[in-house]
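Structure first, commentary second.
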Amino acid sequence: TPIRLADYLPPSHLVDGVSLTFRLDPGRTRVLSEIRFRPNPARTGRPDLRLDGEGLALVSAALDGAPLAAKPDATGLTLPGASLPDAPFTFTAEVEIDPAANTELEGLYMSNGMYCTQCEAEGFRKITFYPDRPDVMAPFRVRIESDLPVLLSNGNEVASGPGWAEWHDPWPKPSYLFALVAGDLVAHSAGFTTASGRTVALNIWVRPGDEARCAYAMDSLIRSMKWDEEVYGREYDLDTFNIVAVDDFNMGAMENKGLNIFNSKYVLALPETATDDDFARIEAVIAHEYFHNWTGNRITCRDWFQLCLKEGLTVFRDQQFSSDMRSAAVKRIEDVLTLRARQFREDDGPLAHPVRPEEYIEINNFYTATVYEKGAELIGMLKRLVGDEAYARALDLYFERHDGQAATIEDWLTVFEEATGRDLAQFKLWYSEAGTPRLKVSDRFEDGRYTLEFEQVNPPTPGQPVKQPKVIPVAVGLLNPNGDEVLPTTVLEMTQPRQSFTFEGLGARPVPSILRGFSAPVVLERETSSEERAFLLAHDTDPFNKWEAGRALAKDVLARMVTEGAQPGPDWLEALARVAVDETLDPAFRALALRLPGEDDMAQTLHAAGHVPDPGRIHAARERMAGALAERLESELGALIEALAEPGPFSPEARAAGRRALRLAALGLVTRRDGGARAEAAFRAANNMTEEVGALACLLEIGRGQEELGLFETRWAGDRLVMDKWFALQILHAAPEETAATVERLTAHPAFDWKNPNRFRSVVGALSANHAGFHHASGAGYRLLADWLIRLDPLNPQTAARMSTAFETRARYDADRQGMMLAELDRILATPGLSRDLGEMAGRMRRA
Ligand code: ARG
Ligand code: ZN
């Protein structure tokens, strides 16, 4: 039965303090709890106290010292209101849990002999009985007893001795931010002094041998701390900030107060083992988790429907940080690529849901691109609408007013309304209505007056057949036919279904640059000629729209190649060739411009245009497109590759990374002409993982690289994170008809540890990321995915559910493929003992 936002009730009791003692043992850990409750004055009557608890063996419980004969049910324990004092009281309990048998990686579990926790969203109830809901906030004291050398929890360490340590977190927090780590760990340490003079000990804890791989993460942390002080006026608030890297982790990382826990792939990096993308991701995830200390921890969410309150805002903040550290233009393009690939795709299918959902069965299924990435876009739109200065004032008010609280989207919007005097009722629809608005544009020019006419269409999504018009900030610029800008970026505020905007006094019909910087998460629909796209690619002053023009041109070309068997015309080839060699442009931008539209993206676009996408044809057309580009650029590529060589030691910075990206894009094209000679040489000469793996990918793309795969495996067999790349690469670059067989071969490899989420994702995730391979007409990709989901589900339902989203695009394809996908969903749904997680996902995808 679903949980509904409309059913929210404040907690029956508040918690004034919690003390926990952990006697750690792999199979039999004892957890002793002492919880000081107080009736919530916001509730009347004598409501029952519900304590959540799952999989706990209750040893004993007491109320104010008097033993309680409590009988837990499958999901917790109810203390009847009539039996509770109408005044503060203390509940104590002792439970036993089995971390070694915890394969779900939620609650307290073990990874390589180390104890660690993951409590968001509802993992704390697998540790002890507690009101496991974010609107119950309390200070925690934690005592850990174990012979392991490093014992960590939230807050500051207050005492320790041989075999024990005690931690105190003075900041009231919800249980989802609880964390505990115990293990044989070593620290890479540094210090930070906050703006007001507090000295903070910073530690990144890793397994012995990994300590040399923490420098970049530490540098990113220090830069994040400084940035949050300078840009948001937010200081750190404890004496210690600990980060722990864990190999077995269901997601990216977790912002537990003072004790962030990370998937080791977002911490560990050396130039030899991590790519430029890995470095950028580490910087972003470190920043994201650190920024949660204010947007998430000091101000948390009232309930899980408000998840975007912390996630949308924190993603927006980490995106701002990365733009400041790197190139804002390149960052924006990359973020939009991700948004379209993941969120637009989600919004277009059976899993579409509002940024603030109104019901769920399993909350873990709502840590989605919509909540995170679209949630971040809403913050960006708000900032664009009110302006930077008002945004800063509203944020100051938010921190001042809601510090220490569990807040809602209403609280967030009210702060903006008060700071700006604006009515945000219509803006709020962005939070409650799912789906990606379509923005149709037409224009006319008469007597020096140029008019842009917009129409917004808000297509239906599951459960929301009819939608209202949204507020859409449309950033527009106008260019003269000679390429000069006649109207610099101006934000038009669209609020009606149809709306026109007129610009006077123009000497000639201008070329419009619409939705600059991707000012709203909408699909722009405007008939545009290739000449105009090429013109904007050459002249637009807005870097996002300059790139977007090239991308739109490429998609038009590719669409015609797929549907009409056309050849790529000279317009596109010449326009792109000019960008490729234009040395006034940032190499990273040129690399992005050379990247062809993805096959999944093309399938989505073709489907939206009324076609039934054929994955095999899309793949073949894209190959021909790459071949034509390689041919056109053949005489330039060699020089480009030479000129972009980076002499000297490796730098992970954006400038050097951008040059490597362009160099590898050129190498990929050259490889289609020289049979792989240059890529083989580049692979052997590489002194960093970006080039090593990049050159290998070029070879695999043309069906070569077998020898290099062997060399790579020998060199990196002992490195889990690098071997994840080895697994993924072979599948991502397999030919469509060989993808399933490649997966079968690799899942039989002795190093395929399917219980490790990173390894599972690098194989099974790569299968669904290979569009033509996954959707191969044989149906083998679908069967294989379903087989693995069914196998993983009883052990790790969260990861199984997440990976099932490969089936969300079913409706795009032909009847045969749809039938095969449906059959796999039915097979999943018929599996005895199916988890709530996978059951909800498969059910939602089945119904639509
Ligand atoms: N709050 C974490 C973050 O965004 C992610 C937690 C994901 N939890 C989950 N159950 N999927 O940094
Ligand atoms: Zn987050």
Only one of (1) within 11 Å of ligand 1 (Cβ to nearest atom); (2) on the phi > 0 side of the Ramachandran plot fails for G258. Which number is that?
-> (1)
Taking the stretch 210-257 and keeping residues more than 16 Å from ligand 2 (Cβ to nearest atom), of a type in the set (G, A, S) and either within 15 Å of R298 (Cβ to Cβ) or part of a strand (DSSP E or B) (or both) leaves G233, A245
Considering only residues that are hydrophobic (A, V, I, L, M, F, W, C), in contact (Cβ under 8 Å) with a residue 60 or more places away in the chain and assigned to a loop (DSSP other than H, G, I, E, B), look in the stretch 9-57 and name the one that is farthest from G163 (Cα to Cα).
-> L56
Only one of (1) under 30 Å from M845 (Cα atoms); (2) surrounded by 16 or more Cβ atoms within 10 Å (Cβ to Cβ) fails for L452. Which number is that?
-> (1)
If the Cβ limit is 6 Å and pairs must be 6+ apart or interchain, which residue in the stretch 65-92 that is of a type in the set (A, V, I, L, M, F, W, C) pairs with which residue that is surrounded by fewer than 17 Cβ atoms within 10 Å (Cβ to Cβ) and in a strand (DSSP E or B)?
-> L68/A62
How about the stretch 117-135: which of its residues are away from ligand 1 (no atom under 16 Å from the Cβ) and surrounded by fewer than 23 Cβ atoms within 10 Å (Cβ to Cβ)?
-> D135
Of the residues that make up the stretch 81-91, is at least one among the aromatic types (F, W, Y) and over 40 Å from the mean Cα position of the chain (by Cα)?
-> yes
Could you please give the count of residues in the stretch 267-288 that are surrounded by fewer than 24 Cβ atoms within 10 Å (Cβ to Cβ) and within 13 Å of ligand 2 (Cβ to nearest atom)?
-> 2
From the list M845, M841, M821, which residue is touching a Pro at 6+ places or on another chain (Cβ under 6 Å) and modelled with pLDDT of 95 or more?
-> M845
Among the candidates R332, R326, R281, which residue alone is in contact (Cβ under 8 Å) with a residue 12 or more places away in the chain, under 30 Å from F650 (Cβ atoms) and in contact with a Gly (Cβ under 7 Å, 6 or more places away or on another chain)?
-> R332
Report whether or not L424 is under 30 Å from V511 (Cα atoms) and outside any helix (DSSP H, G or I).
-> no
What are the residue pairs meeting all of these: first residue in the stretch 761-776, first residue crowded, with 24+ Cβ neighbours inside 10 Å, second residue basic (K, R), Cβ atoms under 7 Å, and 6 or more apart or on different chains?
-> H775/R817
With A269, A253 as the choices, which residue is within 11 Å of ligand 1 (Cβ to nearest atom) and not charged (D, E, K, R)?
-> A253
Residue check for P437: buried (at least 17 other Cβ atoms within 10 Å of the Cβ), under 25 Å from the mean Cα position of the chain (by Cα), within 30 Å of G349 (Cβ to Cβ) and in contact (Cβ under 8 Å) with a residue 40 or more places away in the chain | yes
Matching residues in the stretch 272-294 - criterion: being within 14 Å of ligand 1 (Cβ to nearest atom) and hydroxyl-bearing (S, T, Y) | Y290
Tell me, please, whether a residue that is closer than 28 Å to G569 by Cβ, among the charged types (D, E, K, R), assigned to a loop (DSSP other than H, G, I, E, B) and over 29 Å from the mean Cα position of the chain (by Cα) can be found in the stretch 492-508.
-> no
Inside the stretch 73-152, counting only strands (runs of 3 or more DSSP E) that do not spill past its ends, which hold 2 or more residues that are of a type in the set (G, A, S) and away from ligand 2 (no atom under 16 Å from the Cβ)?
-> 107-111
Tell me, which helices (runs of 4 or more DSSP H) lie completely within the stretch 517-627 with 1 or more residues that are within 30 Å of T495 (Cβ to Cβ)?
-> 530-539, 543-564, 599-608
Filter the stretch 295-320 for residues that are under 16 Å from A253 (Cα atoms) and more than 14 Å from the chain's Cα centre (by Cα); the one that is nearest to ligand 1 (Cβ to nearest atom) is G296
Does Y782 qualify as being of a type in the set (S, T, Y), out of contact with any strand residue (DSSP E or B) (no Cβ under 9 Å at 6 or more places or on another chain) and buried (at least 23 other Cβ atoms within 10 Å of the Cβ)?
-> yes
Would you confirm whether any residue within the stretch 593-613 is of a type in the set (G, A, S), surrounded by 18 or more Cβ atoms within 10 Å (Cβ to Cβ) and either farther than 22 Å from S442 by Cα or at pLDDT below 95 (or both)?
-> yes
When the stretch 673-712 is checked residue by residue, the ones that are under 22 Å from A628 (Cα atoms) and among the hydrophobic types (A, V, I, L, M, F, W, C) are A677, A679, A695, L696, A697, C698, L699, L700, I702
Unique residue being more than 13 Å from T240 (Cβ to Cβ) and of a type in the set (A, V, I, L, M, F, W, C) when the list is V200, V186 = V186
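The values are calculated or read from the model by the stated rules, or taken from the named source; none is laboratory data. All figures in this text were calculated on a predicted structure; none of them were measured in a lab. For neighbour counting, all protein chains shown are included, and Cβ atoms are generated from backbone atoms with ideal geometry for every residue, glycine included.
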